[in-house]
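Read-outs throughout are calculated quantities, based only on the coordinates presented, and are distinct from any laboratory measurement. No experiment lies behind these values; they were computed from the predicted model shown. Cβ: placed from backbone, ideal geometry, glycine included. Neighbour counts: every protein chain shown.
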Amino acid sequence: MTYRHVGATKDIDTKPFREATWYYIQSIKGIRHDDYNYGKVNKVLSIKYKTYIRMVACFPEKVSLFDFHNCMDGLQFSEKVHVNVLVMEARLQAELIYSLKALMSHMK
């Protein structure tokens, strides 16, 4: 995905897709960024894809191999893995933000 191709499609900018994925997961976890237009999320991400990444971020133990293979039609295996890593990193960052906020309020 970072090599300017998705599946068989070459020379395509994947940044909007990756950003929409990142910000969507962060918004699910309660983190909203003032400098991002969340209207882009619905334009870039399909409902099927959003349902899948929400399940990965919120209930990773419920994700089956069937879900993994069927949620992102047209993507190569490595690109699907990339998406899952992106989702889990966005989730981790949101959790760290909340942890640091709790720590800072405790230290006051």
#### Entry: Isotropically averaged projected area of segment 18-108, using the convex hull of Cα atoms (one quarter of hull area), nm²
6.7
### Task
Could you work out the relative contact order of the chain, using alpha carbon pairs under 8 angstrom and six or more residues apart, expressed as a whole percent?
33
### Task
Kindly provide the chymotrypsin sites (Phe, Trp or Tyr not before Pro) of segment 1-103 that DSSP labels as loop, not H, G, I, E or B, and whose Cβ sees at most 13 other Cβ atoms within 10 Å.
Y3, Y38
### Task
Take the alpha-carbon centre of segment 89-108, take the same for segment 15-41, and report the distance between them in whole Å.
18
### Message
With a cap of 11 neighbouring Cβ atoms within 10 Å, and only residues DSSP puts in a loop, list the trypsin sites (Lys or Arg not before Pro) found in segment 1-99.
### Response
R32
### Task
Could you run the Karplus curve 6.51 cos²θ - 1.76 cosθ + 1.60 with θ = phi - 60° over segment 10-20 and give me ³J(HN,Hα) per residue in whole Hz, x for Gly and Pro?
9, 6, 10, 7, 8, 4, x, 5, 5, 5, 4
